[in-house]
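The values are calculated or read from the model by the stated rules, or taken from the named source; none is laboratory data. The structure presented is a predicted model; accordingly, all values stated were derived computationally and were not measured. Cβ sites come from the backbone with ideal geometry, for glycine too, and all protein chains shown count toward neighbours.
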Amino acid sequence: MSAQQTNGSQQSTSANGSAAADNVLLDVKNLQKWFPITAGFFRRTVGHVKAVDDISFHVLQGETVGLVGESGCGKTTAGRCILRAYDLTGGQVLFQDHDGKMVDLGPLTNNEMKPYRQQVRMIFQDPFNSLNPRMPVIDIVGDPLRINSVASGQELEDRVASLLARVGLRPEYMRRYPHAFSGGERQRIGIARALSLDPRLVVADEAVSALDVSVRAQILNLIKDLQEEFNLTYLFVSHDLSVIEYICDRVVVMYVGKIVEVAETEELFEQPFHPYTEALLSAVPNPDPRMRQQKARIVLEGDVADPANPPSGCYFHPRCRYVQDQCSHETPELREVAPGHFAACHFAEELTLTGVTASGELG
Amino acid sequence: METPVLIEIKNLKTHFFLDEGTVQAVNGVDFTIHQHKTLCVVGESGCGKSVTARSILQIVDQPGRIVEGEILYHRPDRLTGIGSSGTTPNGNGADGSSTTEIIDLAALNPRGRQIREIRGQDISMIFQEPMTSLSPIHTVGNQITEAIKLHTDMLDEEADEHAIELLRRVGIPRPEERLGTYPFELSGGMRQRVMIAMALSCNPALLIADEPTTAVDVTTQAQILELLEELQDEFGMAIMLITHDLGVVAEMADDVVVMYLGQVAERGDVDSIFHDPKHPYTQSLLKSIPRLGISRTLQRLDSIRGMVPDPYNRPTGCMFGPRCDHFMPGRCDAINPPAIQLGDGREVHCLLYEEE
């Protein structure tokens, strides 16, 4: 860890590919977030939940990066650290300012964060809990504009109206309260709120998970359209691999607080290099009954490791099909196994893992 | 090929009488469940799939009640005359193929003795959220043996042993120790396994699974689905699986019922539903899901326009009419499409298939 920090920038530049390019919007370096476990009357700290443990990745301008993993893998925590909703335990969150300078959001105070909070916005998972039931839509969407003194009065109303129209809601409804809208419409309100300040980076935390199938497709298409229109960059946090595949350019796979694989979407789905990614891909039910026979589903044994008390060596080794002696005592580093393709597995090159081919069959 | 009928639902209507008006949650549903088969009921939220399942067990929450229709339960031989003699709980599902007794579950008193004998014994249910459907203040062992003691004449020790056997069967490590644990000590996947063990404790003829994998991760989902398939082979029960995930349907189902807004849109065997869908709703639903391996090549997903209508304000005629691409003015908004038989057990509720 300390060795990595001394030559931090060099290390993570090589550790996740093209961080040297100038169009990096967000560069996360060795990010850590540990939550203390307290016990006893004096709430002494007896251990830590290593929710995010030393992860590095970057997001290019205009790109959609997916952060995928099972519950408890730290994907949401990572997203919230980037927004500085949590204070970091360690590491850096470098964000490109308007003038092209990289600013570390980690140590900034709340006041210093203010201009960046306009540029990094969030779309939440639950469209029912993330909107204040006592505020009409015009306030929900317009408050960021008012608080940041971007617009007021009639201008504010016009901006809200155009935002609502853009996300497919009728501007006449802006005086209504959230209860009058369905789940999909509320998610649109949430998106309008996230976009109200012309952000550059949007963190979408499970933005479509709570929606019905038919509405989910509408929202996914909307998210894609808005990206083209406003030149947005997304960090798309999700557990749903088929959604990730549809919307993302690059995918970061996490397992128990660590990154296990990073690659372009197509690469990752066609040729995974980490056994966890393979198992994750194979666990997704295929919506074609004729594939049932052909598919040798990999069923993982046991549960996701406890981030407060992770196993030794590779965190995945107790569940891995290809486990060998080395795995239980040596922690694998995230390393480049193919151009632009990173995996944290000792045997990445030796294993022949199964991905999903373009026809939807497992090849 | 075709196994005997287990449950026959005829024109079931379950309505909720609220201050704001009547919600017709289930409005004229017909389908059948066959022995040893898996029937998947698929639809979006608010389509009435859960209420249908709850109607079968007569556990619809107040102020809802069954207002019309029949739920005919063809009770397998091995289960007739229960209450008096205990049924053998292990692996004799295959012999219950002939039926003698037919009970109309819809006509039973929801609080009566007869339906209480059927619940847990003939028909059992597992729920979506295992944390809220297990009692937090009783141990796992307590909760499983309760059903066993109620429906069989096993006593404490024997029931405990049977519970341990069940827990082992559903893949819980060290089941002897688990009897004394509370649900909060278990992970989500483990809780769902406990629920399954409990549901299977009396070797039911039908297991209703209401979104059993919605709250768990994909890898756990794969474990649970695999387990259900294995247990079905072993115990021979029919499964009614309620889900909104078409992937799960494709993996598990023998027969499929597609529901929309309290009505059946279409039903048939799983292969024809996925490869030859007839109802415009099924067709667009299948087009709107991202598919692994295919969706990355797509520019856009096809989506269904609009949204599921408000339950107080149902459209006239066909429920799907306002969102349908094949909408025929003057017909679709006037006539509620009847069931149209297409042969091979397929049925579609759509005027496009009406014979002139």
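Points to keep in mind about this one:
- Residues of segment A:45-75 classified as outside any strand (DSSP E or B), at pLDDT below 90 and of a type in the set (D, E, K, R), total: 2
- So B:Pro315, is it within 14 Å of chain A (Cβ to nearest Cβ) and closer than 18 Å to B:Glu44 by Cα: no
- Among all residues of segment B:213-235, there is none that is outside any helix (DSSP H, G or I) and more than 26 Å from A:Val215 (Cβ to Cβ).
- Scan segment B:264-306 for residues that are within 30 Å of B:Leu18 (Cα to Cα), of a type outside the set (Asp, Glu) and either touching a residue at least 60 places away in the same chain (Cβ under 8 Å) or surrounded by fewer than 19 Cβ atoms within 10 Å (Cβ to Cβ) (or both) and the total you get is 4.
- Single unsatisfied condition, A:His98 versus (1) part of a loop (DSSP other than H, G, I, E, B); (2) over 18 Å from A:Pro199 (Cβ atoms): (2)
- Where A:Ser209 falls short, out of the listed (1) touching a residue at least 60 places away in the same chain (Cβ under 8 Å); (2) over 27 Å from A:Lys114 (Cα atoms); (3) away from every other protein chain (no Cβ under 12 Å); (4) hydroxyl-bearing (Ser, Thr, Tyr): (3)
Results for (1) within 13 Å of chain A (Cβ to nearest Cβ); (2) touching a Leu at 6+ places or on another chain (Cβ under 8 Å), shown as yes or no for each residue.
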{"position": "B:Gln223", "(1), (2)": "yes, yes"}
{"position": "B:Leu227", "(1), (2)": "yes, no"}
{"position": "B:Asp233", "(1), (2)": "no, no"}
{"position": "B:Ile239", "(1), (2)": "no, yes"}
{"position": "B:Gln263", "(1), (2)": "no, no"}
{"position": "B:Asp271", "(1), (2)": "yes, no"}
{"position": "B:Phe274", "(1), (2)": "yes, yes"}
{"position": "B:His279", "(1), (2)": "no, no"}
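Quick grid of which residues meet (1) over 24 Å from B:Val216 (Cα atoms); (2) of a type outside the set (A, V, I, L, M):
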site: A:Leu226; (1), (2): yes, no
site: A:Glu229; (1), (2): yes, yes
site: A:Leu235; (1), (2): no, no
site: A:Met254; (1), (2): no, no
site: A:Glu270; (1), (2): yes, yes
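- Residues of segment B:172-188 satisfying the condition of being in contact with a Gly (Cβ under 9 Å, 6 or more places away or on another chain) and not hydrophobic (A, V, I, L, M, F, W, C): B:Pro173, B:Arg178, B:Gly180, B:Thr181
- For segment B:172-187, residues that are surrounded by fewer than 20 Cβ atoms within 10 Å (Cβ to Cβ) and within 11 Å of another protein chain (Cβ to nearest Cβ) total 2.
- Taking (1) in a loop (DSSP other than H, G, I, E, B); (2) surrounded by 22 or more Cβ atoms within 10 Å (Cβ to Cβ) in turn, B:Thr3 satisfies each apart from (2).
- Evaluated against (1) within 23 Å of A:Gln271 (Cβ to Cβ); (2) modelled with pLDDT of 85 or more; (3) not β-branched (Val, Ile, Thr), A:Leu300 falls short on exactly one condition, (2).
- Some residue of segment B:329-351 being in a helix (DSSP H, G or I) and buried (at least 16 other Cβ atoms within 10 Å of the Cβ): yes
- Residue in segment A:265-272 that is within 13 Å of the chain's Cα centre (by Cα) and part of a helix (DSSP H, G or I) present: no
- Residue among A:Val203, A:Val251 that is buried (at least 21 other Cβ atoms within 10 Å of the Cβ) and within 12 Å of chain B (Cβ to nearest Cβ): A:Val251
Condition check ((1) out of contact with any strand residue (DSSP E or B) (no Cβ under 6 Å at 6 or more places or on another chain); (2) in contact (Cβ under 8 Å) with a residue 60 or more places away in the chain; (3) surrounded by fewer than 24 Cβ atoms within 10 Å (Cβ to Cβ); (4) assigned to a loop (DSSP other than H, G, I, E, B)) across all residues:
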{"position": "A:Ile259", "(1), (2), (3), (4)": "no, yes, no, no"}
{"position": "A:Ala263", "(1), (2), (3), (4)": "no, yes, no, no"}
{"position": "A:Thr277", "(1), (2), (3), (4)": "no, yes, no, no"}
{"position": "A:Pro287", "(1), (2), (3), (4)": "yes, no, yes, yes"}
{"position": "A:Arg290", "(1), (2), (3), (4)": "yes, no, yes, no"}
{"position": "A:Val299", "(1), (2), (3), (4)": "yes, no, yes, yes"}
{"position": "A:Asp306", "(1), (2), (3), (4)": "yes, no, yes, yes"}
{"position": "A:Pro311", "(1), (2), (3), (4)": "yes, no, yes, yes"}
{"position": "A:Tyr322", "(1), (2), (3), (4)": "yes, no, yes, yes"}
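- Candidate set: segment B:6-51, residues that are of a type in the set (Val, Ile, Thr) and within 15 Å of B:Ala253 (Cα to Cα); chosen: the one surrounded by the fewest Cβ atoms within 10 Å (Cβ to Cβ): B:Thr32
- For segment B:285-312, the set of residues classified as facing chain A (nearest Cβ under 7 Å) and of a type in the set (Gly, Ala, Ser) consists of B:Ser288, B:Gly293, B:Ser295, B:Ser303, listed by residue number.
- Filtered residue count, segment B:241-261, keeping only those that are within 13 Å of chain A (Cβ to nearest Cβ), assigned to a strand (DSSP E or B), closer than 23 Å to A:Arg297 by Cα and in contact with a Lys or Arg (Cβ under 9 Å, 6 or more places away or on another chain): 3
- Looking across segment B:41-99 at every residue that is closer than 29 Å to B:Glu158 by Cβ and of a type in the set (Lys, Arg), the one that is modelled with the lowest pLDDT is identified as B:Arg78.
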